[in-house]
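The values are calculated or read from the model by the stated rules, or taken from the named source; none is laboratory data. What you see is a predicted model, and the numbers here were worked out from it, not measured in a lab. As a convention, Cβ positions derive from the backbone with ideal geometry for all residues, glycine included, and neighbour counts pool all protein chains shown. Side chains included, ligands, DNA and RNA excluded: accessible areas come from the protein's heavy atoms. Shrake-Rupley method; radii C 1.70, N 1.55, O 1.52, S 1.80 Å.
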Amino acid sequence: MKYNIYFLFLIALSCQIHNQAEVTYISSSLVQKNGQKKSPNYSFIHLKNDSVFFRDLYKPETLTFMGEIPKKKSEFLLDGLTFKFTENILEISNSNVKSIYRILDKENNKIKIDKFYFKNKKFVLKSKFNNDTIFFSTANSYRNMTSNSSDRWSFVDIDGYKVLWLNLGYDEVPLIIESFDNKEITANLYGLKKNKVILKELFSN
């Protein structure tokens, strides 16, 4: 009975994958062969009409075709890699490492915001781990007013998904903007867990 339920789940999942014209996943973590978890490889996987495409977030203008998804398959080999779909998760692995991707909500690629909104503005940034005030002083640098330090930032629009990149010391943090309303931005960091980040604009006197 359990086998039948699992089999039906895989069929339903496969149909869900193939019935959606476009689906996008973002890398969230890497797991090495010894079980050690690492930072993600900062990339997107796009599924478009049963074709698989890879996009390096460091080179967002380049879209690489990887191959076709076999019909009615939730686990398969492609270009020497094992692809495995579970609910909202895609695992891509070889003999040494597994890269875990999380699905992005399609509604979030319709948010109207661009890089120019941030420049010369100050925000309170709040998350589970941070409570800072930051100032986007130029087109590629920002100042953390709390720690009195500066670092780099950038903004990328990928198929409508808005990615706000913040360098935090030695960490690079790609935030996917989920909503933008009344001068408040809600974003998510896709790591081992999905962490919410709020940026509230501060008005100048």
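Express the C-alpha Rg of segment 19-60 as a ratio against the empirical globular expectation 2.2 N^0.38 Å, rounded to two decimals.
Details: Rg = 12.5 Å, N = 42, 2.2 N^0.38 = 9.1 Å.
Compactness ratio reported: 1.38.
Expressed as a whole percent, the accessible area of segment 94-205 that falls on carbon and sulfur atoms is 49 (1.4 Å probe). Across all Cα pairs in segment 68-205, the calculated P(r) in 5 Å bins from zero up to the longest distance comes to 2, 9, 16, 20, 16, 12, 9, 7, 6, 2, 1, 0 percent per bin.
Can you check what the net charge comes to around I45, using other residues whose Cβ is under 13 Å from the Cβ of I45 (Lys, Arg +1; Asp, Glu -1)? That works out to -1.
Counting only other residues whose beta carbon sits under 13 Å from that of T133, what net charge do I get with K and R as +1, D and E as -1? Mind showing how you got there, number by number?
Values: positive: K121, K122, K126, R143, K200; negative: D132, E201.
Here the charged neighbours net out to +3.
Other residues within the sphere of radius under 11 Å centred on the Cβ of E201, judged by their own Cβ, net out at +3 (K and R +1, D and E -1).
What angle do you read, to the nearest 10 degrees and between 0 and 90, between the alpha-carbon axis of helix 2-19 and the longest principal axis of the chain? Tilt of helix 2-19: around 60 degrees.
If you wrap a convex hull around the C-alpha atoms of segment 22-108 and split its volume per residue, what is the figure in Å³?
Working: hull volume 9.1 nm³, N = 87.
Convex hull of Cα atoms, per residue: 105 Å³.
For the peptides 115-124, 68-77, what is the packing order when you average, over each peptide's residues, the other Cβ atoms within 10 Å and list the highest mean first? Please report the intermediate quantities before stating the final value.
Working: 115-124: 15.8, 68-77: 14.1.
Top of the packing list down: 115-124, 68-77.
In the chain, helices alone account for a calculated mean residue ellipticity at 222 nm of -3000 deg cm²/dmol, with every DSSP H run of four or more residues adding -39,500 (n - 2.57).
How large is the direction-averaged shadow of the alpha-carbon convex hull of segment 150-192, in nm²? Can you show the working numbers first?
On the way: hull surface 15.3 nm².
That works out to 3.8 nm², a quarter of the Cα hull's surface.
So if R0 is 45 Å, what FRET efficiency would I198 and N96 give, r being the distance between their Cβ atoms, rounded to the nearest 0.05? The computed FRET efficiency comes out at 0.75. Entry for segment 110-158 at q = 0.14 Å⁻¹: log10 I(q)/I(0) = -0.37, Debye formula applied to identical alpha-carbon scatterers, no solvent contribution.
Given a 1.4 Å probe and the protein chains as shown, K106 ends up with an accessible area of around 100 Å².
Across q = 0.22 Å⁻¹, segment 60-130 modelled as identical point scatterers on its alpha-carbon atoms has Debye log10 I(q)/I(0) values of -1.12, in the order of the q list. For segment 83-168, the per residue solvent-accessible surface stands at 54 Å², with DNA, RNA and ligands left out and a 1.4 Å probe.
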